[in-house]
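Values quoted throughout were computed directly from the atomic coordinates according to the rules given, and no laboratory measurement underlies them. Worth saying up front: this structure is predicted, and the values here are computed from it rather than measured. Neighbour counts are summed over all protein chains in view; Cβ atoms, including those assigned to glycine, are modelled from backbone coordinates with ideal geometry.
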């Protein structure tokens, strides 16, 4: 399929370039004030020869002559010989082709026959124009293709990296949640069945709702609320939790599980390590495609282990933001016993 698309693009390139050469040829011969039909037929006849000659030269002869596997001297000598033969074909070859057209009543001279060298000069002028148009167009076409290939490769690389980051985030998220249920099971808590039910809901979302590139922010907020409810089962009334959601468009698209690492970080590496008066304040606002997330949580101290665990979720989030948006700001700050996370994303800057 890719080869077919490439062949079609290649064919279209020569069609467009040929139309350009035809237009320039018609403009150049209109000065002879001949019938337009004769002008058109003459240029079509000359163009048919020029297309074949330039196609063979640019697509087969020149790439064969200029070969990286050959030495520099071989390339230079081969290039000089190829250009010499090309000039002969552009001049004498086109002159013969023109004569065949005249004899076949396809080509119509628009002025009094000039001497042989005069006609040869006119033919060389046309051939030079056609050659430079084809060469310049081929150069632009090649560079555009290289640029498109580089862009496609960059996009594919980014998609592969995003998929890898997602594959890291989901198991990490699941591992922490299972740890919470394990703690409840050890304590033989009556809330263990409910926590398993909520976990199954989270798993269903992760398996079936995060396969695409985007979900609605309504879905993301719902899964955040489910995760918060699951975490709250571990606390009686010791945790002070405040959640403020203010969204002006619930159908706004957002990459799946993009915000979960921030909420997870507040519970896992903040509140769970706080001995006295743990608290979490979560604020998520969306106004005119400007997303603001502000999270404050208590923190006792930062241990080496928690720093390592935090890097898995937060570092992945930072990299995803780099790949997905051009306008965003993420700041993490600890002051005394309070850890503050602030995220702003201009959702219009999605790449």
Descending packing, highest mean Cβ count within 10 Å first, for 252-264, 337-349 is 252-264, 337-349
Between residue 128 and residue 12, what FRET efficiency comes out of the Förster formula 1/(1 + (r/R0)^6) with R0 = 25 Å and r the beta carbon distance, rounded to 0.05? 0.50
Computed FRET value (nearest 0.05) for residue 244 with residue 329, which takes r as the C-beta separation and R₀ as 25 Å: 0.80
Using 1/(1 + (r/R0)^6) with R0 = 35 angstrom and r between the beta carbons of residue 85 and residue 48, what's the FRET efficiency to the nearest 0.05? 0.95
What full-extension length gain, to one decimal in nm, is calculated for residue 140 and residue 108 as 0.36 nm per residue of separation minus the Cα-Cα distance? 8.1 nm
Can you pull the one-decimal nm distance between simple spin-label points at residue 208 and residue 229, each 7 Å off the Cα toward Cβ? 1.7 nm
Which order do the peptides 191-202, 48-59 come out in when sorted by mean C-beta neighbours inside 10 angstrom, highest first? 48-59, 191-202
Mean Cβ neighbour count within 10 Å, used as a protection proxy, ranking 138-146, 90-98 highest first: 90-98, 138-146
